[in-house]
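Quick notes on the structure that follows.
The values are calculated or read from the model by the stated rules, or taken from the named source; none is laboratory data. As the structure is a prediction and not an experimental result, all values here were calculated from the model. A quick note on method: Cβ atoms are made from the backbone with ideal geometry, for glycine too, and the neighbour counts reach across all protein chains shown.
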Amino acid sequence: MTVALPAGEIAGKLETKFPGCFEEGGKDNLLVKADSLLDVAAFLKDQPDLKFDYLNYVTAVDYYAYFEIVYQLTSLEHNRSIVFRTRAYGRDNPTMPSVTGLWRGADFQEREIFDLFGVAFTGHPNLKRIFLWEGFQGHPLRKDWNG
Amino acid sequence: MITWQDFSTPVGLYKALPPDWPVNYWWHFAFFTVAILVFVIAMVLAAIYIERRGMGRMQSRLGPNRTGPFGLLQPIADAVKVLLKENLVPAMADKPIHWLAPVIAFFPVLLIFAVVPFQNGALLADLSIGILYVVAISSVTTVGVFMAGWGSSNKYSLLGAMRNVAAVVSYEIPLALSVVGVVLIAGSLSLNDIVLGQHIPFILLQPLGFLIFFTAGCAEINRSPFDLMEADSEIVAGFHTEYSGMKFAMFYLVEYAEAIALSAIITTLFLGGWKGWWLPPWLWFIIKTLVVFFVMVWTRTTLPRVRIDQLMALAWKFLFPLALLNLFITAAQVLVWPDGLPWVAVIINIAVMVALVVIWSRFFKVGWGRVNV
Amino acid sequence: MTTTQEMTLRTEPFVVNFGPVHPSTHGVYRMRATLDGEVILDIEPVFGYLHRGIEKLAEERTYTGFIPLTDRLDYLASMSNNLGYCIAVEKLAGIKVPERAEHIRVIMAELQRIASHSIAVGAFVNDCGAYFTPFLYLFREREKVLDLFDMVCGQRLTYNYMRIGGVSQDIPPEFLPALEKYVNHMTPFLNEFEFFLKQNEILLARAKGVGILPNQAAIDCGISGPVARASGVNWDLRKADPYSIYNRFEFDIPTGEAGDCYDRYRVRVEEMKQSLRIIGQAMKNIPDGPVRADVPHIIRAPRGEAYGHIEAPKGELGFYLVSDDSIAPYRCHIRPCSLINLTALREMVRGWKVADLIIIFGSIDITMGEVDR
């Protein structure tokens, strides 16, 4: 049975390794700051007793004030899973570092988030629209889309 | 003396046509031209029917069964449909080449039938170089196919045409070599003499030659398992992607006419041509041709397709050495028994074939042959 | 590709478009392949031809009203999509499913796995060139599965059968005897089918060693399902993270070693056999009782989020739901196993030929409805 690790267990380790990586009140649901995202993700992937080598999904939710990018990782070896998230503030040009360097499976999923939400991922090898055609205006999955 | 009564029966009609030069020559020529055209068209219709219905039954489905009883009129419906379609030519296509390609692909197939005997002495021209003529003429079709691929200004077509040229060139050699074995035993290149010389059908005397000829022939005419030239699932339709209407009908006709031509040649070379008892000889010829064609349909339904580099490796590394070995063994046998091979040669040859094929396939598997194209 | 000193034949790569309308790209999928002759240098996939905005539509439908939309995701495995979504909502709202419904759900999901793999294996062998014969044999068997589904819910392709808290209606009394007859018939059929193809040399030549996906690359790219298992990743959600009542059944997880097309094909056939095993166990002792938990039609899930995932025939299908205490989900994200499985396509096809591109693509087994949503 894949054990969904509770946030508290990991939060302590992350706080000691990367102090200040969590947002305000973000320890309970592993809400990471955007600049420390890559460090945290690399730590989760490479640390031998964590070894979260499998990325289940990357998705985004539009909460009006910010876009919350949610990641779920699974460790195939230890059979554990964890969910962590980060926020991209602002609606005009939200950006977020890309995790395609760590997990290649995020490639198409981050393109999808860019296409449908407008969140740009820095460091993505091929960031262009995936489902909608080039030249499409707007981002349909945003809550204020009325196309 | 030819009288009008001679023309009243089909047998009489035929007997009235000895090819004596010069008086009856043109009559013979005209009769056989018409006969070959009718034969080819009729056999192609029968072939289309056998293929579609046979494949359908083998795939546990019905096949055409609505047009006419048992779907017998399906080929005619196909022909009518294809003739009524609009003739689309791509804008960037090379118009003269695009137009000429089906013509050049089709007429060599008709020419092959000029030397195929329907009955003893009943052929358009009893050339003394019979089978050599067949092998030479059948290669002209490739020029037509390549013209089709090039003239269509379509990359799929070009891919298909390139594959076709590569395959045909590779398979000419095993084809020709396997025929030489038959020629050695019969002692003549003329197809009529080859049939007359088959006291024991050559399929028994030359089993390896038959297998090589059948395989190489299927590859030459783009028949499964070697139909990657027009692989439906990869390059849409290969060299005839951009053809529609009457031109497509010509290519469709070419495909089946070539298959019938190959079956006819196999019948003549290996199965004893028109020889048989009780039924008229030309009927035996037709029956044997259709049986060989049915075996081709059978292999098409059963086997997956090979890739281009595997195809060429099969020709060069498997068929070609076996064809050479077959030639040497046959030559040795003809040397030992110059007056015609006895029945014991059948057993020897079948044993040799089994041994060679089994041993050689230990050394060569289709997937290991990687020739960089 | 050879640029030796002696032969300065100038070649340049060209781009061929395997368009959205193609006989062998399963669904409307477009690839722009850069070729050098027949060798593939690079491909660029283009999606979006079937994008219908299902995730956006979820925000306007009730939880139950979204179930028919999930049918149309992977339209060849509708029962699995329904099941995944219902499990996600049940996790979100804390609903417990009655025993009878769990058994029925497992039977439907495994039957659906057999049907979906039938198409996958059939289409794969069809791409190899076996001109529809194994495809039609498997379709004949799939028809029996569709007849069973028809008996239960009246539909053949998009079932809309599962509901949140159970299934929509009980199975009719004639279902279980028909199911038993089907299971008894299918196992010998699968053995016979495998016997035809397992050692076929042409299939081995086309599929063995072709399109290898290394183990580490599979994990890295997030590949799931038979593709990952063929590469040696021993991960099946039915065993690793059991949902429904899978932890009560005994079955094996077939894995491959090489990660080539042949292994993927074998893994799928073996999975079909294991599915029959699970159905056999689930069929016995189905308890009586309600087939649906007592939940209202319009569910108001508590505030929160949940991720429910299942082992769909194509891979890990997951639904990420965010609820804000209203009758419609605030956000519904579908983890598309087909889209994520396509991440590896580019590195799998580099260096192979056009014919292999089609086979490798077919062996991943995607459905565009799920890729594009």
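Scanning the range A:102-126 for residues that are more than 20 Å from A:A65 (Cα to Cα), assigned to a loop (DSSP other than H, G, I, E, B) and touching a residue at least 24 places away in the same chain (Cβ under 8 Å) turns up A:L102, A:W103, A:G105, A:G123, A:H124, A:P125. Among the residues of the range A:127-137, those identified as more than 11 Å from chain C (Cβ to nearest Cβ) and free of Cβ contacts under 8 Å to residues at least 12 places away in the same chain are A:G135, A:Q137. Evaluate the range B:236-252: report whether one residue or more is more than 14 Å from every other protein chain (Cβ to nearest Cβ), in contact with a Ser or Thr (Cβ under 9 Å, 6 or more places away or on another chain), assigned to a helix (DSSP H, G or I) and hydrophobic (A, V, I, L, M, F, W, C). Yes.
Taking the range C:225-242 as the range and being closer than 26 Å to C:K91 by Cα, without any contact (Cβ under 8 Å) to a residue 40 or more places away in the chain and either more than 8 Å from chain A (Cβ to nearest Cβ) or not in a helix (DSSP H, G or I) (or both) as the test, the residues that pass are C:N234, C:W235, C:K239, C:P242.
Whether any residue in the range A:49-58 is away from chain C (no Cβ under 11 Å), hydroxyl-bearing (S, T, Y) and within 17 Å of the chain's Cα centre (by Cα) is what I want to check. Scanning the range A:49-58 turns up no residue that is away from chain C (no Cβ under 11 Å), hydroxyl-bearing (S, T, Y) and within 17 Å of the chain's Cα centre (by Cα). Residues that are more than 7 Å from every other protein chain (Cβ to nearest Cβ), assigned to a helix (DSSP H, G or I) and more than 13 Å from the chain's Cα centre (by Cα): does the range C:348-355 have at least one? Checking the range C:348-355: at least one residue is more than 7 Å from every other protein chain (Cβ to nearest Cβ), assigned to a helix (DSSP H, G or I) and more than 13 Å from the chain's Cα centre (by Cα). Please go through the range B:139-196 and give me each residue that is within 14 Å of chain C (Cβ to nearest Cβ), within 21 Å of the chain's Cα centre (by Cα) and in contact (Cβ under 8 Å) with a residue 24 or more places away in the chain, ordered by number. Matches in the range B:139-196: B:G160, B:A161, B:R163, B:N164, B:A166, B:A167. Among the residues of the range C:15-60, the one identified as part of a strand (DSSP E or B), under 27 Å from C:N81 (Cβ atoms) and among the basic types (K, R) is C:R30.
Answer yes or no: is there a residue in the range C:191-210 that is within 30 Å of A:Y57 (Cβ to Cβ) and within 14 Å of chain A (Cβ to nearest Cβ).
No, there is no match, as no residue in the range C:191-210 is within 30 Å of A:Y57 (Cβ to Cβ) and within 14 Å of chain A (Cβ to nearest Cβ).
Of everything listed in (1) surrounded by 14 or more Cβ atoms within 10 Å (Cβ to Cβ); (2) in a helix (DSSP H, G or I), the single unmet condition for B:P117 is (2). Among the residues of the range C:159-178, those identified as in a helix (DSSP H, G or I) and touching a residue at least 24 places away in the same chain (Cβ under 8 Å) are C:F175, C:L176, C:A178.
Residue selection: C:G222 satisfies the criterion of being on the phi > 0 side of the Ramachandran plot, touching a Gly at 6+ places or on another chain (Cβ under 7 Å) and within 10 Å of another protein chain (Cβ to nearest Cβ). When the range A:61-79 is filtered for residues that are buried (at least 20 other Cβ atoms within 10 Å of the Cβ) and in contact (Cβ under 8 Å) with a residue 60 or more places away in the chain, the ones remaining, listed by number, are A:D62, A:T74.
Checked against (1) within 12 Å of the chain's Cα centre (by Cα); (2) within 11 Å of another protein chain (Cβ to nearest Cβ), A:T95 passes all but condition (2).
Cβ separations smaller than 8 Å between residues 6+ apart or across chains give the following pairs from the range B:51-71 residues that are within 14 Å of C:L136 (Cα to Cα) to residues that are modelled with pLDDT under 85 and not in a loop (DSSP other than H, G, I, E, B): B:G63/B:G71. When C:G94, C:G129 are screened for being surrounded by fewer than 24 Cβ atoms within 10 Å (Cβ to Cβ), over 18 Å from C:G280 (Cβ atoms) and touching a residue at least 12 places away in the same chain (Cβ under 8 Å), only C:G94 passes.
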